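Reviewing the structure listed below.
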Amino acid sequence: MKFITDKSGAPLVKFSDAKYIHVLPVTKYQFERFVWQVAPSWCDYEALIPETSRVSTDAITPDNFPQAFLVNVNFEEVLSFFKWSGSRPAAVKEWDEACEKIFAKKELFKEAYVYMNKAFREGQKVDRRISKLLKKLCDFKIRRQDLNCKIGELACEFSKEPYGKIYLKQDDKSQGLVTGSPRRKARGNNFGFCGVMEQ
């Protein structure tokens, strides 16, 4: 598997041609970095923290690991994060392709962890909290597809604007339509997101 990192220091994995997708759904750590750097006045970050609050990487357990990921986002927040990080929303077909080709591989988190450590030693910008999170997920034997039993993800009908319909993908199977045309203020409850980057 081939990996790269985005502006937030998180890993993406190659899944098709020159396309890469986030190894993990966007974490609260990444979104906090975005808020600190951009500080959008419209973003009420506290409103994005679900009832189960943020958890430090040292305190992650097999029961609370979903707290590391950002959920309850709206489409405006998703698009702003992607613009900042240099990625874009995953199309439904891309998300399905990544699930089939990449997310089903049980070695994904281990290989991503090895990549992150190597990149750090080589002086690349990586988020060490995400490295620790990947290590914990490996230790707990949690796989990428397991995450979607706990956290759904937003995917778009089209990969570029106009985005068309927004879907909620969960358990690698189900999909529910969020809105006929993206209402950017509508929140997605227990749904987070991952992005695609082209190189």
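Bear in mind that the values in this text are calculations on the coordinates, not laboratory data. Everything numeric here is computed off the predicted structure, so don't read it as measured data. Here Cβ is always computed from backbone atoms with ideal geometry, including for glycine, and neighbour counts include all displayed protein chains.
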Exercise. For region 116-170, what ratio Rg/Rh do Cα atoms give with a Kirkwood hydrodynamic radius?
Worked result: 1.15
Problem set entry | J(HN,Hα) series, region 101-117, from Karplus relation 6.51 cos²θ - 1.76 cosθ + 1.60, nearest Hz, glycine and proline x | 8, 10, 5, 7, 6, 6, 8, 4, 5, 5, 5, 5, 5, 4, 4, 4, 5
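Fewest Cβ neighbours within 10 Å first, please rank Cys99, Cys156 accordingly.
Details: Cys99 19, Cys156 26.
The fewest-first ordering by Cβ neighbours comes to Cys99, Cys156.
Quick one: divide the alpha-carbon radius of gyration of region 1-160 by 2.2 N^0.38 Å and tell me what you get. If you can, show how the numbers build up before the last one.
Values: Rg = 14.9 Å, N = 160, 2.2 N^0.38 = 15.1 Å.
Scaled against compact globular proteins, the figure is 0.98.
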Problem set entry | Built amide H within the under 5 Å cut-off of Phe69, gap 5+ | Lys28
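Using 1/(1 + (r/R0)^6) with R0 = 45 angstrom and r between the beta carbons of Gln124 and Asn189, what's the FRET efficiency to the nearest 0.05?
On the way: r = 35 Å, r/R0 = 0.78.
Here the calculated transfer efficiency is 0.80.
Pulled fully out, how much extra length does the chain show between Thr61 and Asp146, if you take 0.36 nm times their separation in residues and subtract their Cα-Cα distance?
Fully extending the segment from Thr61 to Asp146 adds 29.1 nm.
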For this session: Return the long-range amide H neighbours of Cys156 (sequence gap of 5 or more, or a different chain), with a cut-off of under 5 Å between placed amide H atoms.
Result: Ala90, Ala91, Val92, Tyr167
Problem set entry | For Asp127, residues with placed amide H under 5 Å, excluding near neighbours | Ala10
